[in-house]
Amino acid sequence: MALDPSCGRIALIANPAAQNGRGAWAAVEAASLLRARVGDEGFQLLLTERPRHATALAASLDPSVGTVVALGGDGLISEVAAGLMERPVDERPALGVIPVGSGNDYAASLGVPASIGRAIDCVLAGRTAVVDVGRVNGRYFVETLSFGLDAAIALDTVERRVRTGRTGTRLYLESAVDQLFRHLSIYDFTARLTGGDAAAMRTVSTAAYLLAVQIGPTYGGHFRICPGAELDDGLLDLCYATPHLGPWKALAVLLAAKGGRHTGNRHIHLDRASRLVLDFAEEPPGQIDGEKIEGTHFEIDCIPRSLTVIVGK
Ligand SMILES: [Mg+2]
């Protein structure tokens, strides 16, 4: 199968350090498979050398590139998307993903399988969708932005993965149990929301264990925190959990969230908005597509249907 030449060349941006070095082998395998399918002329491989490098690489791609494929975890995919968003909309290549990470939430949201060969089949099949991108204080995100308990878990997961080499749901649950039983903190915040279920601006002022602002439905390795979130509805999906939950009840809610079954709990609140301004009384742990974000004041909006992505079946 050959990609239509009018669709442009394929650039593969890979993080060789993904998953404790598994990314390097994955990049070699993916590059060899792509070269075999589209030839040397149609393909280029770019390896990242440092954090945020993928953003610079994606922002400065040659105009002949029609598809950029991000190989790595959600953080790398997010960095590539950020680079594409820096380009004018009519010079933005389509984004394909080859998930080589711990959670791979965004690939799952796009329906792209977590196998290199099958992900490449998706890229070459070229089935696309146009999706929303989130933005917070000028930084882009494609799947998730969250504060509080879950962000503390996500950040602890990263530290623990480096230390232990473990991955996936088990790693996440280890971090979760540690955070629930040792650090279950409450964060006071005010959110001013615009758009979504009510046309007028409205204010939510409360205390919560966590607050997630989602483009896609999941975070933390397929926890369906906002099961109704759609990638292309122009809206941010919100979920926050209010007191008081002890560690065991909080753990039960968290486990229910794995299957998106937490939403009936009276401590769980869902909302939607096209824009929100968030102010925390004290700085909470924060994550943006799995990477750390700091501060107490966050201006968040949804850039509707701004990125073409390659999706699975
Ligand atoms: Mg949405």
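The values are calculated or read from the model by the stated rules, or taken from the named source; none is laboratory data. Note that this is a predicted model, so its numbers are computed, not measured. So basically every Cβ, Gly included, is an ideal-geometry build from the backbone, and we count neighbours across all protein chains shown. Each accessible area value is taken on the protein alone, full model and side chains, heavy atoms only, with ligands, DNA and RNA left out. Shrake-Rupley method; radii C 1.70, N 1.55, O 1.52, S 1.80 Å.
Couple of notes before you dig in:
- The range 87-189 shape via C-alpha gyration tensor axes, a/c threshold 1.5: oblate
- Here the accessible area is traced with a 1.4 Å probe on the protein chains. For the range 144-304, carbon and sulfur cover 51 percent of it.
- Accessible area per residue in Å² at 1.4 Å probe, computed on the range 5-126: 40
- Karplus-based coupling profile of the range 304-313, in residue order and whole Hz: x, 6, 10, 9, 8, 10, 8, 10, x, 6, with θ = phi - 60° in 6.51 cos²θ - 1.76 cosθ + 1.60 and x standing for Gly or Pro.
- With an a/c value of 1.5 or above and a/b larger than b/c for the gyration tensor axes a ≥ b ≥ c computed over the alpha-carbon atoms, the range 1-154 is described as prolate.
- Within the chain, antiparallel bridges make up roughly 75 percent of the DSSP beta bridges whose residues both belong there.
- Cα-centred dipole magnitude for the chain, charges only on beta-carbon of K, R (+1) and D, E (-1), debye, nearest 20: 800
- Taking every DSSP beta bridge that has both ends in the range 1-121, the antiparallel portion is near 0%.
- In degrees, nearest ten, helix 22-38 long axis to first principal axis of the chain (Cα): 40
- Length gained when the stretch His183-Val162 is fully extended (0.36 nm per residue, less Cα-Cα span): 5.4 nm
- Distant-in-sequence amide contacts of Tyr187, defined by a placed amide H-H separation under 5 Å and a gap of 5 or more residues or a different chain, comprise Ala208, Tyr209.
- Cα-projected label distance for Met201 with Glu282, points at 7 Å along beta-carbon direction, nm: 2.9
- Here the calculated FRET efficiency for Ala56 and Glu299, from their Cβ-Cβ distance with R0 = 25 Å, stands at 0.55, rounded to the nearest 0.05.
- Cut-off of 10 Å, at most 10 other beta carbons, DSSP loop: longest stretch of the chain lacking such GluC sites (Glu not before Pro): 42-281
- Difference of contour (0.36 nm per residue) and Cα-Cα distance, Thr194 to Trp25: 56.3 nm
- Surface/4 of the Cα convex hull for the chain, nm²: 15.0
- Solvent-accessible area per residue in the range 144-304 equals 43 Å², computed with a 1.4 angstrom probe and all protein chains kept.
- Relative to the longest principal axis of the Cα atoms of the chain, helix 116-125 runs at roughly 70 degrees.
- Accessible carbon and sulfur surface of the range 5-126 relative to its total accessible area, %, 1.4 Å: 53
- Helical contribution to [θ] at 222 nm, DSSP H n ≥ 4, -39,500 (n - 2.57), averaged over the chain, rounded to 500: -9500 deg cm²/dmol
- For the range 159-311, the fraction of alpha-carbon pairs lying more than 27 Å apart is 23 percent, rounded to a whole number.
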